[in-house]
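Chemist: Before we start, here is the structure in question, set down as structure tokens.
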Amino acid sequence: MLSFLPLVTTLILIFCPSNFYKIIQFVSLASSLSSLILTLVLMLNFSVLNDKFQFFVAIYTFANINVTYSLGLDALSVWFVFLNSLLTFISIFYVSRYTINVRFFFILLFLIQFFVIQSFLVTDLFMFYVFFEAILIPMFLLIGVWGSYDRNLHAAFVFFLYTLAGSLIMLLAIQHIQSEVGSTYFYTIYQFNFSMYSQIFLFLAFFIAFAVKIPMFPVHVWLPEAHGEAPTIGSMILAGILLKLGVYGFARILLPICKDTLFLFLPFVFLLCLFGILYTSLSTLAQTDMKRIVAYSSVGHMNLAVLGLFSGTTIGFEGALFSVISHGFISPGLFMGVGLLYDRYGTKLINYYGNLVSVMPLLTIFMFLLSLGNLAFPGTSAFVGEFLIFTGVVGENFLLFLLSSASVIFVAIYTFWLFNRVFFGPCSTDLRNFSELTANEAFAFVILLVFMVLFGIYPSLVLDQLHNASMFVNS
């Protein structure tokens, strides 16, 4: 039911008159809340001791190509499904008078939710590709139609073409697997012994596809462009959910299949991660657009997570997954804070703002707490993730740890430079027209902050499930 509720909601909204705003809002809110509740029910009934797919449902078998459309939840996907449901629910709450054509907007939002849920739940590689690719269409429209109208179409096409190119390379790898194994079911693939040459080809194909999605250096240039022009909800969904598909793909597909060839590519992967972490940190310091600052920050955090993912240690792997889940609370919150300022006042440039603490004290508090999370302050979920990553990396390569840990300094510099300039810096603008948060906006911030602090204090709530996933991949 959880898997198809967003699709049912989409069909209802399609046939609902566009001027029935209250009905559209009620249906959307009820559906997103129902999805969140159903996700929580599944998580409460999820067995931590079982490392196989749970709640398995076989929907349809394409006998001629030996592909089965089936769904299942396991330790690797459970928290990503929760993140998807939570952020969709928050997005519905955030949407306000600043959004035109709300019905079409919600239709695209629920289509994204449906495709993302399917991507995390499908147990077949070919079906994963289908839904992984399908996400591009509603996201392209979301950026192109509701973007900031400066370069929104350009940003939409850059996002679409970059991710499409990576996905087409992945399709070649899937066809190769189908020809060798005769099946694309995940556990069948895991048990197949690929030759060294096949693993090299598969590693390169899957690495390129998922590196674009994360994104890693040097294929990261589409992300600041997309974030800079996307609507607030688009940036929240992009940072909070869609980027996680790349990390999930590494953990679900690449690492289990290409274990024998990892040693060949690890120096190359580590080098790209270091460039991604350090280059994006320096690029962030040169930005004047607030959304681009948060976007470059996201690139740095995701590259650090990839470093932990490929560290070859259980603690680094778990830290990487924990870090991207934590990023799913913090980064959308930062984008929401920047976005609501843009929605109100029509600019994302830092120089326009200053001394907002005097007129928006509630937003100041929320953004201060999110800034602490962004720099991995102790007590926040990001601290746990980065601590585990660095612990895993330092045991494998001290020089790698030393270079990557420089990111901590850069993140602290640009995070508090942005916060201080916007909320306490000098301002030449008339602040009388600035307004405090609405109840819906404040509620959305509170939810994200609660999970950021909760998982920072009690990380075992997440790590208990992630431990099974790491044991499987690193076995």
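Chemist: Any chance region 216-231 includes a residue that's closer than 24 Å to Val181 by Cβ and aromatic (Phe, Trp, Tyr)?
Modeler: No, region 216-231 has no match at all.
Chemist: Turning to a different aspect of this structure: Would you please list the contacts, defined by Cβ atoms under 6 Å and residues six or more apart or on different chains, that run from a residue in region 261-278 that is under 23 Å from Val408 (Cα atoms) to a residue that is crowded, with 18+ Cβ neighbours inside 10 Å and of a type in the set (S, T, N, Q)?
Modeler: Cys273/Asn303; Gly276/Asn303; Ile277/Asn303; Ile277/Ser404; Ile277/Ser407
Chemist: Is one or more of the residues making up region 276-292 modelled with pLDDT of 85 or more and in contact with a Ser or Thr (Cβ under 6 Å, 6 or more places away or on another chain)?
Modeler: Yes; the residues of region 276-292 include at least one that is modelled with pLDDT of 85 or more and in contact with a Ser or Thr (Cβ under 6 Å, 6 or more places away or on another chain).
Chemist: All but one of (1) closer than 22 Å to Ile233 by Cα; (2) aliphatic (A, V, I, L, M); (3) assigned to a strand (DSSP E or B) hold for Ala58; state the number of the condition that does not hold.
Modeler: If we test Ala58 against (1) closer than 22 Å to Ile233 by Cα; (2) aliphatic (A, V, I, L, M); (3) assigned to a strand (DSSP E or B), just (1) comes out false.
Chemist: Moving on to the next point. So how many residues does region 328-381 have that are over 25 Å from Pro459 (Cα atoms) and either β-branched (Val, Ile, Thr) or outside any loop (DSSP other than H, G, I, E, B) (or both)? Walk me through how you get there before you give the answer.
Modeler: Here is the first cut: in region 328-381, the residues over 25 Å from Pro459 (Cα atoms) are 337-364.
Adding the requirement that they be either β-branched (Val, Ile, Thr) or outside any loop (DSSP other than H, G, I, E, B) (or both) leaves 337-345, 347, 349-352, 356-359, 361-364.
So the count comes out to 22.
Chemist: Going by the structure shown, is Arg151 within 18 Å of the chain's Cα centre (by Cα) and basic (Lys, Arg)?
Modeler: no
Chemist: Here is a further query. Quick check: anything in region 397-420 without any contact (Cβ under 8 Å) to a residue 24 or more places away in the chain and polar (S, T, N, Q)?
Modeler: Yes, because at least one residue in region 397-420 is without any contact (Cβ under 8 Å) to a residue 24 or more places away in the chain and polar (S, T, N, Q).
Chemist: Out of (1) polar (S, T, N, Q); (2) in contact with a Leu (Cβ under 9 Å, 6 or more places away or on another chain); (3) surrounded by fewer than 17 Cβ atoms within 10 Å (Cβ to Cβ), the odd one out for Ser35 is which?
Modeler: (3)
Chemist: Helices (runs of 4 or more DSSP H) wholly in region 397-475 with at least 2 residues that are closer than 19 Å to Leu372 by Cβ and modelled with pLDDT of 85 or more - which ones? I'd like the intermediate steps shown before the answer.
Modeler: Details: elements: 398-404, 406-423, 439-457, 460-473.
In region 397-475, 406-423, 439-457 are the helices (runs of 4 or more DSSP H) which contain 2 or more residues that are closer than 19 Å to Leu372 by Cβ and modelled with pLDDT of 85 or more.
Chemist: If a residue must be surrounded by fewer than 24 Cβ atoms within 10 Å (Cβ to Cβ) and of a type in the set (Ser, Thr, Tyr), how many such residues does region 320-352 contain?
Modeler: 4
Chemist: Kindly list, by first and then second residue, each pair from a residue in region 432-451 that is surrounded by fewer than 19 Cβ atoms within 10 Å (Cβ to Cβ) to a residue that is polar (S, T, N, Q), limited to pairs with Cβ atoms under 7 Å and residues at least 6 apart or on different chains.
Modeler: Hits for this filter: Thr438/Ser96; Asn440/Ser96.
Chemist: Is there a residue being free of Cβ contacts under 8 Å to residues at least 24 places away in the same chain and more than 25 Å from the chain's Cα centre (by Cα) anywhere in region 337-346? Reasoning before the result, please.
Modeler: Just the residues of region 337-346 that are free of Cβ contacts under 8 Å to residues at least 24 places away in the same chain, to begin with: 346.
Then keep just the ones that are more than 25 Å from the chain's Cα centre (by Cα); that gives 346.
Yes; the residues of region 337-346 include at least one that is free of Cβ contacts under 8 Å to residues at least 24 places away in the same chain and more than 25 Å from the chain's Cα centre (by Cα).
Chemist: Cβ-Cβ distance below 8 Å, separation of 6 or more or different chains: which pairs start in region 178-197 with a residue that is within 16 Å of Gly72 (Cα to Cα) and end on one that is of a type in the set (Asp, Glu)?
Modeler: Close Cβ pairs satisfying both conditions: Thr184/Asp124; Tyr185/Asp124; Phe186/Asp124.
Chemist: From the list Leu44, Leu33, pick out the single residue that is under 30 Å from Pro231 (Cα atoms), of a type in the set (A, V, I, L, M, F, W, C) and at pLDDT 80 or above.
Modeler: The unique qualifying residue is Leu33.
Chemist: Sticking with this structure for a sec: So if I check each of Phe207, Phe217, which one is out of contact with any strand residue (DSSP E or B) (no Cβ under 6 Å at 6 or more places or on another chain) and within 27 Å of Phe82 (Cα to Cα)?
Modeler: On the way: Phe217 fails: within 27 Å of Phe82 (Cα to Cα).
It is Phe207.
The values are calculated or read from the model by the stated rules, or taken from the named source; none is laboratory data. Owing to the predicted nature of the structure, the values given are computational and were not obtained by experimental measurement. Positions of Cβ are backbone-derived with ideal geometry, glycine not excepted, and every protein chain shown enters the neighbour counts.
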